[in-house]
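What follows is a single structure, written as structure tokens, with notes after it.
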Amino acid sequence: MRILVPRIRPVMAAHLQHIILWRSRKPHPRRGIASPGHICTRRKADTNTCILSLDFHNAFDRIAHDYLFHNLQSYGIRPDFIVHLRAMYSDSSASVQINDTIAGTIPIQSGVWQGFPQSMALYALCLHPFLSMLDHSLQGLQVGRGQRCRSVLVYADDVAVITTHPTEFATIRQAIHCFEKVTGTQLNPSKSKGMALVGWKAPALN
């Protein structure tokens, strides 16, 4: 399993600027990551800022395998790597035991294996299109002389979204809907939270 991880690292380094990877906590050089100081500055300036914490139900277990392999192909990962990975995930099944009787097998067609070295990398690559959609659609924090900080920051499966205008909620909802549809994941509203800072005007609820 471990020999597969180095195959993915170059792809992650090239694409996943939103995610804190491995042991590095350095932001991508092309665009900064909002710090607590930046957020406090926005708060003192009495400007619109709201931080959303998104939680997905059983995030690692719901990634559809079809989406996983298609996504890896889109990154240009070598076909032989995908073939080996597909072989690992194919023919996976589960059974339910009731008392002393084991029911027929249930095919497993979603989820990345937790506890294996490559699982976090695979999940991060699957999450990346959703993060890119948000980051390119949201205005983000303006810091200093027009510098834009990223609108999305992720650690493992914890997603934080920084929005600066109530109208961006519709964009966020649409991005979540698209991500749920193509991957099979589901947002957990009861565990997803929002923190409005000074100056924030709540959007009208539909």
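Cβ neighbours within 10 Å, averaged per peptide: list 149-157, 61-69 in order, most packed at the top.
The packing order, highest mean first, is 149-157, 61-69.
Could you sort 71-78, 187-194 so that the peptide with the highest average Cβ count within 10 Å comes first and the rest follow in order?
In descending order of packing, they fall as 71-78, 187-194.
What's the ranking of 98-104, 83-89 by average number of surrounding C-beta atoms within 10 Å, highest first?
Highest mean packing first, the order is 83-89, 98-104.
Report in % the part of the accessible area of the range 49-193 that belongs to carbon and sulfur, leaving out ligands and nucleic acids; probe 1.4 Å.
Carbon and sulfur together cover 53 percent of it.
Report ³J(HN,Hα) in whole Hz for each residue of the range 83-98, in order, from the Karplus equation J = 6.51 cos²θ - 1.76 cosθ + 1.60 where θ = phi - 60°; Gly and Pro get x.
4, 5, 5, 4, 5, 5, 8, 6, 6, 6, 8, 9, 10, 10, 9, 10
Among 117, 107, 133, whose Cα projects farthest towards the positive end of the dipole of the range 63-175, with charges put on the beta-carbon of Lys, Arg (+1) and Asp, Glu (-1)?
Value: 133.
Kirkwood Rh and Cα-based Rg: tell me the resulting Rg over Rh for the range 46-102, rounded to two decimals.
So for the range 46-102, dividing Rg by the Kirkwood Rh gives 1.24.
Along the range 113-124, what does the Karplus equation 6.51 cos²θ - 1.76 cosθ + 1.60 (θ = phi - 60°) give for ³J(HN,Hα), rounded to whole Hz, x for Gly and Pro?
5, 7, x, 9, x, 8, 5, 5, 5, 5, 5, 4
Determine the relative contact order of the range 106-191: mean sequence separation of Cα pairs under 8 Å and six or more apart, normalised by residue count, in whole percent.
20
The values are calculated or read from the model by the stated rules, or taken from the named source; none is laboratory data. Since the model is a prediction, treat every value here as computed from it, not as a measurement. Positions of Cβ are backbone-derived with ideal geometry, glycine not excepted, and every protein chain shown enters the neighbour counts. Areas reflect the complete protein model, heavy atoms only, side chains present, ligands, DNA and RNA absent. Shrake-Rupley method; radii C 1.70, N 1.55, O 1.52, S 1.80 Å.
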